[in-house]
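Notes follow the structure.
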Amino acid sequence: MDMTAKTARNVKRISAHLFLLIAAAFFLSPFIWMVSTSLKPLEQVFTFPPEWIPRPFMWSNYVDAMTYIPFFTYLKNTLIITGFSTLGVVLTSPLVAYSFAKLQWRGSKTLFLITIAVMMIPGQVTMIPLFLLFDKLNWIGTVLPLIVPAFFGVPFYIFLLRQFFMGLPNELKDAARIDGAGEFRIYWQIMLPLAKSAVLAVGLFQFMASWTDFMGPLLYLTNPESYTLSLGLQQLKSERDGMGTDDGGIYHYDSTNYYFVFPLAEDIYSRDYLQRD
């Protein structure tokens, strides 16, 4: 009887893993096809039936694509913008979220409702007013419009972190106050370390949003030397569309983070909740 139950459990576990393996292969197949196509010669791209394995492997496609545009300059610009905007979100959003969740001050509820309302405003509505504002500040043509706003907090991240901080017991604050800790010390040494997984998840979300942002650089960056990867790849596509495949595969550089960063962020955020429960 025990052997039968054990065998049934093993069959169930193996079946579940097999199903997940097939599902993973299915969802990864577009990415694998893109990488495969990037290594094919032009005449093999449109063959029917399609061929998954390039013959021969055209590694020169990547060299041609990276030399046609200043790829590494665009990569450096993207890393600078992404890094500083992520830093701004990680520094300011938890601080604002903590004040909404754990501090009692006049107008906090009203301001939080305004923060929630701002989340409902489409980005297209604020596009022109923000452009005019940054133009008055002489920031057009610089990376400042893509970095500075992150240091003033992002409504969605503030809301997300506020909900996390509200789940932390107030007894921790009370115990710290008895020991003589001030409010900032309570936040910095007690509450923030407990929320590190949520802060890391927020940082990863911001990294993805900034890395793949196209409209922001298109609006504010006027000098080709300051272009990001999203603009550079679009320039490459528009100039060489239909001329060959040496630019096709490079696009997976810009999309790879979705396959790894997003699951990582979701796992970090949800794992902390499971541990707390």
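The values are calculated or read from the model by the stated rules, or taken from the named source; none is laboratory data. The shown structure was predicted, so the numbers you read here are calculated from the model rather than taken from an experiment. Reconstructed Cβ throughout: ideal geometry from the backbone, glycine too, with neighbour counts over all protein chains shown.
Count of segment 106-115 residues, restricted to those that are loosely packed, with under 13 Cβ neighbours inside 10 Å and in a helix (DSSP H, G or I), is 4. Of all residues in segment 35-46, one or more are assigned to a helix (DSSP H, G or I), touching a Pro at 6+ places or on another chain (Cβ under 9 Å) and of a type in the set (Gly, Ala, Ser). The test for being within 30 Å of TYR62 (Cα to Cα) and modelled with pLDDT under 80 does not hold for LEU28.
Residue-by-condition table, conditions (1) within 24 Å of ALA97 (Cβ to Cβ); (2) out of contact with any Leu (no Cβ under 8 Å at 6 or more places or on another chain); (3) not assigned by TED's automatic domain parsing to the domain that holds PHE112:
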{"position": "LEU161", "(1), (2), (3)": "yes, yes, no"}
{"position": "PHE164", "(1), (2), (3)": "yes, yes, no"}
{"position": "LYS196", "(1), (2), (3)": "yes, yes, no"}
{"position": "VAL202", "(1), (2), (3)": "yes, no, no"}
{"position": "SER226", "(1), (2), (3)": "no, yes, no"}
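For segment 25-33, check the following and say yes or no: at least one residue is touching a residue at least 60 places away in the same chain (Cβ under 8 Å), outside the structural domain of GLY182 (by TED's automatic domain parsing) and part of a helix (DSSP H, G or I). Yes; the residues of segment 25-33 include at least one that is touching a residue at least 60 places away in the same chain (Cβ under 8 Å), outside the structural domain of GLY182 (by TED's automatic domain parsing) and part of a helix (DSSP H, G or I). Of the residues making up segment 227-242, not one is at positive phi and either surrounded by 19 or more Cβ atoms within 10 Å (Cβ to Cβ) or modelled with pLDDT of 85 or more (or both).
Within segment 20-54, the set of residues being of a type in the set (S, T, N, Q) and either closer than 25 Å to MET66 by Cβ or surrounded by 14 or more Cβ atoms within 10 Å (Cβ to Cβ) (or both) comprises SER36, THR37, SER38, GLN44. When the residues of segment 59-105 are filtered to those that are of a type in the set (Ser, Thr, Tyr) and over 30 Å from ILE116 (Cβ atoms), the one that is surrounded by the most Cβ atoms within 10 Å (Cβ to Cβ) is TYR74.
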